[in-house]
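The values are calculated or read from the model by the stated rules, or taken from the named source; none is laboratory data. Here the structure is a predicted model, which means the values were calculated and not measured. Here Cβ is always computed from backbone atoms with ideal geometry, including for glycine, and neighbour counts include all displayed protein chains.
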Amino acid sequence: MSGIHLHAAVTIPPAVAVGVWAMWYWRRLGRAEVPARRRQIRRASLVVMLASLPLHVAGLSFLTPQIHVRGYVLVWTLALVSLGLLVGLGVLDMFNSLRLEREHRHDVHLGATRLIRTARAAGLAASPNGETEDEPS
């Protein structure tokens, strides 16, 4: 087949491997320790990725720009749109990760503050000037 970019033997095996990996990752995202919002965003990314795999294979191995002009343009337009969606979901995932990290740091600081207050109440912590609570000034 002249006019195709790559032979199907070159594009189909990697597409299948990516599909298998995506299904494995989908199951891994189902673990309890994965935050629900992160799971939703990443699974949406996987759906877009899986939907775009046949587009890439078709555009690279089955549609020729000389013979299948409309189909070729449509497939590559959809492939570019899916790439844009993936970038957008990646940015959304980044902001979500930043939010989760900020919340985690806040929780750690709250826990440390409570621990310090408890220790001071028990007379175990040093005061700001370096002396312990039960030592005379």
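Looking only at the range 3-17, how many residues end up being farther than 17 Å from A51 by Cβ and in contact (Cβ under 8 Å) with a residue 40 or more places away in the chain?
Going through the range 3-17 one residue at a time, the tally reaches 7.
Given (1) in contact with a Leu (Cβ under 6 Å, 6 or more places away or on another chain); (2) outside any loop (DSSP other than H, G, I, E, B), where does H5 come up short, assuming only one miss?
H5 satisfies every listed condition except (2).
Conditions tested, residue by residue: (1) under 30 Å from G59 (Cα atoms); (2) charged (D, E, K, R); (3) outside any helix (DSSP H, G or I); (4) in contact (Cβ under 8 Å) with a residue 40 or more places away in the chain.
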{"site": "L92", "(1), (2), (3), (4)": "yes, no, no, yes"}
{"site": "H106", "(1), (2), (3), (4)": "no, no, no, no"}
{"site": "H109", "(1), (2), (3), (4)": "no, no, no, no"}
{"site": "A112", "(1), (2), (3), (4)": "no, no, no, no"}
{"site": "R120", "(1), (2), (3), (4)": "no, yes, no, no"}
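Collect the residues in the range 18-57 that are closer than 18 Å to L85 by Cβ, of a type outside the set (A, V, I, L, M, F, W, C) and touching a residue at least 12 places away in the same chain (Cβ under 8 Å), keeping them in residue-number order.
Of everything in the range 18-57, those that are closer than 18 Å to L85 by Cβ, of a type outside the set (A, V, I, L, M, F, W, C) and touching a residue at least 12 places away in the same chain (Cβ under 8 Å) turn out to be G19, Y25, R37, R38, R42, R43, S45, S52, P54, H56.
Any residue at all in the range 97-119 that is closer than 27 Å to W21 by Cα and surrounded by 15 or more Cβ atoms within 10 Å (Cβ to Cβ)?
No, the range 97-119 contains no residue that is closer than 27 Å to W21 by Cα and surrounded by 15 or more Cβ atoms within 10 Å (Cβ to Cβ).
Somewhere in the range 65-87, is a residue in contact with a Phe, Trp or Tyr (Cβ under 7 Å, 6 or more places away or on another chain) and more than 19 Å from P14 (Cβ to Cβ)?
So the first thing to find is which residues in the range 65-87 are in contact with a Phe, Trp or Tyr (Cβ under 7 Å, 6 or more places away or on another chain), and the list is 65.
Those still in the list that are more than 19 Å from P14 (Cβ to Cβ) too: 65.
Yes: the range 65-87 contains one or more residues that are in contact with a Phe, Trp or Tyr (Cβ under 7 Å, 6 or more places away or on another chain) and more than 19 Å from P14 (Cβ to Cβ).
Considering only the range 24-73, state which residues are outside any helix (DSSP H, G or I) and within 26 Å of the chain's Cα centre (by Cα).
L29, G30, R31, A32, E33, V34, P35
Out of the residues in the range 62-82 that are touching a helix residue (DSSP H, G or I) at 6+ places or on another chain (Cβ under 6 Å) and modelled with pLDDT under 95, state the one that is surrounded by the most Cβ atoms within 10 Å (Cβ to Cβ).
L63
Which count do you get for residues in the range 74-125 that are basic (K, R) and either under 24 Å from the mean Cα position of the chain (by Cα) or closer than 20 Å to L29 by Cα (or both)?
Initially, the range 74-125 is screened for residues basic (K, R), giving 99, 102, 105, 114, 117, 120.
If we keep only those that are either under 24 Å from the mean Cα position of the chain (by Cα) or closer than 20 Å to L29 by Cα (or both) too, we end up with 99, 102, 105.
Selection size over the range 74-125: 3.
Can you tell which of A44, A8 is small (G, A, S), surrounded by fewer than 18 Cβ atoms within 10 Å (Cβ to Cβ) and at pLDDT 95 or above?
Result: A44 is the single residue among A44, A8 that is small (G, A, S), surrounded by fewer than 18 Cβ atoms within 10 Å (Cβ to Cβ) and at pLDDT 95 or above.
Taking the condition out of contact with any strand residue (DSSP E or B) (no Cβ under 8 Å at 6 or more places or on another chain), more than 28 Å from L92 (Cβ to Cβ) and either surrounded by 13 or more Cβ atoms within 10 Å (Cβ to Cβ) or at pLDDT below 95 (or both), does V18 pass?
no
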